[in-house]
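J.: I have a structure I would like to understand better, so I am pasting it below and will then ask my questions one at a time.
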Amino acid sequence: MALIINIDQALKNPSEYNVLREPMNDMLMNIQEAWEKKNPVDFFFARGSINTFQETYSSSIGFEHAFSETSDYGIGPIFNTEEGFSATYRSRTFQGGFTITQQTLEDRLLGKAKGDATAFIKRWHADIVEYCITAIQGGFGQVVNWGSDKDGGVITRLKLDSADTTDGDVLTATKNPLFTNAHTIVKRAKMTAAEITANLQSNAFYADLDLTGSDPAKIAKLADIINQVVTTMENYKDDNNKRAGVLGTKRIVCANDPHLKAALNTALSLEMFGEQGLNPGYKRCAGVDDTPYLLDIAATKQITKVTGSKVGQGFFIVDSAYNAENHGLELTERVPFTLNVKKADEAPYGIKYQGRQRWDVNCASWRGITYVYLGNILTDNPTWCDKTKFTKVVSNATIVKPVSIDGTVTTSSAT
């Protein structure tokens, strides 16, 4: 995502602005570059662009097979493709600005001008991150709100769906949410509702595991849960009910919670659990990415009950390569971040920087990301999701064997 700075012709000559212009522009570019190097958005989203107001992507379901046996020198069959589920990618327009006052220009206060510009650019990028993280929270079937205007009104309402429909019919208007255990394949002419139901797939899981409890096997159980979910992802089928090939490198993304990220890192890094055997989660994901922004949404922060006890916390497993290649989660840019710099002829007088950018969050394929909730989602009863749309993962109890004591040793103090 680039930064474009357009200087109005009226500002070519004023000496006050020329003193600020070059160092200001360099600083703005450096901040932009720094954000691009380490941005939580990239934990989840591929970055794409569209050249029109909207663009529709459809899966192809025509290839039940790509070839069939023929006689020697015979003419092979030509298979016709059909459109499967579709999703329309769009962008929204975002604007905002700041002013370098006339007094700042007259006194050539470069430090103040750079401070104001730095704060604005950092806030712009942080808003993008907060917007994207909020959109992910909108992937559980409920609308979420982002931002507010000066009167307290909602700026943007977000709900993130995938391309597949609730009954598998491509003409059905109702889409499945991004995270659900009811993802469908495309319903063909002769398929029954029972056949669709028999092939439902899940990317929303829960495991009744308390990482803050006293269970000595909790890390081993967590490792087995990770292994089971990653294996499920590897076995996903596409819209055509063929293997989707979700086989890329996967990473875990979680909130910057000390206990959760420590447990996840441990579950991935231990090759063995002492004398109790190999770790099934060892290197099943390439690593753990954490961000404090995930502490701000319900799906990834611990639930606090009325009693004060904290229960339940979720994390994501992401296959970025699959997302990028198959229209998974994407930050779609229409017009890059542009600063139009003009002279302010009305109060507050000075130089006005007006920012504008067109982009939005879009998604067609759900297969590149899964959500795992640690806790009993049925009894924890979160309000931000439909509890029935989660698949339970049961950890293998034989991974950690109970320790038994065959006898006791009694000691006595010396007299």
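J.: Within the range 323-342, identify whether any single residue is in a helix (DSSP H, G or I), touching a residue at least 60 places away in the same chain (Cβ under 8 Å) and out of contact with any His (no Cβ under 8 Å at 6 or more places or on another chain), and answer yes or no.
T.: yes
J.: Assigned to a helix (DSSP H, G or I) and surrounded by 17 or more Cβ atoms within 10 Å (Cβ to Cβ): which single residue out of GLY139, GLY111 fits that description?
T.: Just a single option satisfies the conditions, and that option is GLY139.
J.: Which residues, taken from the range 23-56, are in a helix (DSSP H, G or I) and acidic (Asp, Glu)?
T.: Result: ASP26, GLU33, GLU36, ASP42.
J.: Please work out if PHE63 is part of a loop (DSSP other than H, G, I, E, B), surrounded by 13 or more Cβ atoms within 10 Å (Cβ to Cβ), modelled with pLDDT under 80 and of a type outside the set (Val, Ile, Thr).
T.: So PHE63 fits the description; yes.
J.: Of all residues in the range 163-182 being of a type in the set (Ser, Thr, Tyr) and in a loop (DSSP other than H, G, I, E, B), which is surrounded by the fewest Cβ atoms within 10 Å (Cβ to Cβ)?
T.: The selected residue is THR174.
J.: A further question on this structure: State all residues of the range 28-41 that are without any contact (Cβ under 8 Å) to a residue 60 or more places away in the chain and closer than 14 Å to GLU333 by Cβ; if no residue qualifies, say none.
T.: GLU36
J.: While we're on this one: Tally up the residues in the range 186-231 that are in contact with a Phe, Trp or Tyr (Cβ under 6 Å, 6 or more places away or on another chain), at pLDDT 95 or above and small (Gly, Ala, Ser), please.
T.: Of the residues in the range 186-231, 1 are in contact with a Phe, Trp or Tyr (Cβ under 6 Å, 6 or more places away or on another chain), at pLDDT 95 or above and small (Gly, Ala, Ser).
J.: Every residue in the range 209-227 that is of a type in the set (Gly, Ala, Ser) and buried (at least 23 other Cβ atoms within 10 Å of the Cβ), please.
T.: ALA220, ALA223
J.: I'd like to check something: does the range 365-381 contain any residue that is assigned to a loop (DSSP other than H, G, I, E, B), surrounded by fewer than 21 Cβ atoms within 10 Å (Cβ to Cβ) and at pLDDT 90 or above?
T.: Within the range 365-381, one or more residues are assigned to a loop (DSSP other than H, G, I, E, B), surrounded by fewer than 21 Cβ atoms within 10 Å (Cβ to Cβ) and at pLDDT 90 or above.
The values are calculated or read from the model by the stated rules, or taken from the named source; none is laboratory data. Note that this is a predicted model, so its numbers are computed, not measured. We place every Cβ from the backbone using ideal geometry, glycine too, and count neighbours over all the protein chains shown.
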